[in-house]
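Below you'll find the structure, written out as structure tokens, and then a few comments.
The values are calculated or read from the model by the stated rules, or taken from the named source; none is laboratory data. Everything numeric in this text was worked out from a predicted model, so none of it was measured. Here the Cβ positions follow ideal geometry from the backbone for every residue, glycine too, while neighbour counts run over all protein chains shown. Note: areas computed on protein heavy atoms with side chains; ligands, DNA, RNA excluded. Shrake-Rupley method; radii C 1.70, N 1.55, O 1.52, S 1.80 Å.
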Amino acid sequence: MALNLNSSNVATCENRIGSITGYIGTLHDLPKQSECGTLKGCARCFSQSSTCLSSCALGQLSAIRDIAIIHHGPAGCSVAGAGAYYLDKVMAKKRGITNNTVYVGTDMNEKDTIFGSTNALRKIILEVNERYQPKAIFMTSSCATGIIGEDIDSVVEEVQDEIGVPVVAVHCEGFKSRIWATGFDISDHAVLSGIVQPPKEKQNTINFKNFYESARSEIIEMFKNFDLEPIFLYCNSTVEELSRLSESLATTCICGTLGNYLGNGLEEKYGVPYIRTVNPLGIAGFEIWLREIGRVTDRSDKVEAYIAEQRAIYIPQIETIKEELKGLRAVLGMGPGYTFEVSRVLNELGIEVVWALAWHYDKQYENGDVPSSMEYLLEHDVDFEASVADQQNYEVMNILHKYQPDLYLSRHPGSTVWAIKNGTPAVYVADEYMIFGYQHTLEFAQSILDSIHNRSFEKNLAARVKLPYTDWWYQQNVDAFLEGAKK
């Protein structure tokens, strides 16, 4: 699907790539129904929790150095990006740099929602620019501004000539999509449409979309073997770096859901190749990913030499620990960019996945292809029970109670805590690089062994905690509240 960078608005994941938040079935059925057009997302008549897409958009943009985020909405909505804003400051300090990004809320009140507040908004933008002198200003909307139809685009257009830096309208109303990952696409759209410039000359750089660059030093050293310099996005990126993304030799990402929109946009508009392989998690994923980078950047010989060197160090150790992991059974609950990738890694390690929950599911990516992680599992005849759960912990608990797995893995701490209260050993896959490459795959396997060998904490907590779920719920099918699901 062609991206329209002339508009400040982005179509939702539901409308653009057919994403859904409700499904119960098997892994094999998901892509089959996607291809034949019969896959339809099911709504829930009861929802326990979810995440706002605004948090994802604001969190991504606030990570950019020395900019201003103006969130046009009530004070409570401005909290959406506060956590990410603080974490970005911590990550800057960790690198020994200064991040002077400011986060400003317009504090809309009742009068503003009735009569509009574009005049006040214009003054706020000019004041923020004069007071903080940011390298760029992202003017973001909220549910309140979306409901009353506040015309932030006109305000941005009016002030642009008065301000010597890019001013970009960002439409991130939380109600526009049930899929929080739409926020990632919205932030990418803002960068592509307002910051990235046409290339002047190609550089030996590779755009690397990740969350918090926690393995920055390691990644830089690895790419030195291939005479490539990674540009990490967006944590601690500068506006100057972002303006030159079109000059890189390729774009890649640590998570397909996170980087899909940006990668396809740079390829479509500027011809920067997007690495569309499985993510670099586990042995197979890492090698497939590296070889595709080598092919695209004409560095295959250097890549093969690196792979041979690393395999000699780590594969014997991984093979040894796999003997202890054989026969374990696991349940997963993560975003789709990790659910089907981590399922693949567990399969490599000899662990049986009995059920995998994805917080949403994309029928396809921007280029029309089935997500690479799903394609890999199907090609290797891997199948298991699967559901799309939108962070519904009550569904997770139903599954854990029925299947009694040896292990639960999640990318979200709240979900992990509930599993532990249930007495199930849990691994919180917090760090995006926790399973990256050979070394971290080995460390990940060791973490699993530690979790299942020492279960005293889970047992003691489960014995002392009364969960809110009754026996009635545990006796129901997991799709009991899923309207339109096959019973």
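Data table
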{"read-out": "Index of the failed condition, G81 passing every other in (1) assigned to a helix (DSSP H, G or I); (2) at pLDDT 90 or above", "value": "(2)"}
{"read-out": "Residue in region 281-326 that is modelled with the lowest pLDDT, counting only those that are outside any helix (DSSP H, G or I) and more than 28 Å from the chain's Cα centre (by Cα)", "value": "K326"}
{"read-out": "Filtered residue count, region 59-77, keeping only those that are over 20 Å from the mean Cα position of the chain (by Cα), among the small types (G, A, S) and not in a helix (DSSP H, G or I)", "value": "2"}
{"read-out": "Among residues of region 99-113, those that are in contact with a helix residue (DSSP H, G or I) (Cβ under 8 Å, 6 or more places away or on another chain) and either over 16 Å from A68 (Cβ atoms) or acidic (D, E) (or both), counted", "value": "4"}
{"read-out": "Yes/no for I163 being at pLDDT 95 or above and either under 30 Å from K302 (Cα atoms) or open to solvent by less than 70 Å² (accessible area, probe 1.4 Å) (or both)", "value": "no"}
{"read-out": "Filter result (among the aromatic types (F, W, Y) and in a helix (DSSP H, G or I)) within region 223-249", "value": "F223"}
{"read-out": "Considering residues of region 281-300 that are open to solvent by less than 10 Å² (accessible area, probe 1.4 Å) and free of Cβ contacts under 8 Å to residues at least 40 places away in the same chain only, the residue nearest to G256 (Cα to Cα)", "value": "W289"}
{"read-out": "Criterion violated by I420 - all others in (1) open to solvent by 10 Å² or more (accessible area, probe 1.4 Å); (2) among the β-branched types (V, I, T); (3) in contact with a Lys or Arg (Cβ under 7 Å, 6 or more places away or on another chain) satisfied", "value": "(3)"}
{"read-out": "Members of region 250-280 found to be in a helix (DSSP H, G or I) and among the hydrophobic types (A, V, I, L, M, F, W, C), listed by number", "value": "L258, L262, L266"}
{"read-out": "Selection from region 233-254 of residues that are open to solvent by 10 Å² or more (accessible area, probe 1.4 Å) and either of a type outside the set (D, E) or within 16 Å of the chain's Cα centre (by Cα) (or both)", "value": "T238, V239, S243, R244, L249"}
{"read-out": "Some residue of region 181-197 being open to solvent by less than 10 Å² (accessible area, probe 1.4 Å) and of a type in the set (D, E)", "value": "yes"}
{"read-out": "Condition check for I137: surrounded by 14 or more Cβ atoms within 10 Å (Cβ to Cβ), in contact (Cβ under 8 Å) with a residue 40 or more places away in the chain, over 30 Å from I231 (Cα atoms) and aliphatic (A, V, I, L, M)", "value": "no"}
{"read-out": "Residue within region 351-358 that is of a type in the set (A, V, I, L, M, F, W, C) and surrounded by fewer than 20 Cβ atoms within 10 Å (Cβ to Cβ) present", "value": "yes"}
{"read-out": "Region 164-176 residues that are farther than 13 Å from I69 by Cβ, paired with ones that are among the hydroxyl-bearing types (S, T, Y) and assigned to a loop (DSSP other than H, G, I, E, B) (beta carbon under 9 Å, 6 or more apart)", "value": "H171/S8; H171/S141; E173/S141; E173/S142; G174/S142; K176/T12"}
{"read-out": "Helices (runs of 4 or more DSSP H) wholly inside region 424-476 that include at least 2 residues being in contact with a Phe, Trp or Tyr (Cβ under 8 Å, 6 or more places away or on another chain) and surrounded by 15 or more Cβ atoms within 10 Å (Cβ to Cβ)", "value": "437-453"}
{"read-out": "Criterion violated by G25 - all others in (1) closer than 29 Å to G414 by Cα; (2) open to solvent by less than 40 Å² (accessible area, probe 1.4 Å); (3) in a helix (DSSP H, G or I) satisfied", "value": "(3)"}
{"read-out": "Close pairs from region 16-36: first farther than 13 Å from A389 by Cβ, partner of a type in the set (K, R) and open to solvent by 40 Å² or more (accessible area, probe 1.4 Å), Cβ under 8 Å, at least 6 apart", "value": "I17/K363; G18/K363; S19/K363; S34/K363"}
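Listed here are the residues, each with its yes/no results for (1) closer than 18 Å to I137 by Cα; (2) touching a residue at least 12 places away in the same chain (Cβ under 8 Å); (3) buried (at least 16 other Cβ atoms within 10 Å of the Cβ).
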residue	(1), (2), (3)
L87	no, yes, yes
N100	yes, yes, no
Y103	yes, yes, yes
D107	yes, yes, yes
K111	no, no, no
S117	no, yes, yes
L121	yes, yes, yes
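A quick yes/no check of all residues on (1) crowded, with 24+ Cβ neighbours inside 10 Å; (2) among the β-branched types (V, I, T); (3) within 26 Å of T182 (Cα to Cα); (4) in contact with a Pro (Cβ under 6 Å, 6 or more places away or on another chain):
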residue: I318; (1), (2), (3), (4): no, yes, no, no
residue: E324; (1), (2), (3), (4): no, no, no, no
residue: R329; (1), (2), (3), (4): no, no, no, yes
residue: L332; (1), (2), (3), (4): yes, no, yes, no
residue: Y361; (1), (2), (3), (4): yes, no, yes, yes
residue: S372; (1), (2), (3), (4): no, no, yes, no
residue: D381; (1), (2), (3), (4): no, no, no, no
residue: Q391; (1), (2), (3), (4): no, no, yes, no
residue: L400; (1), (2), (3), (4): no, no, no, no
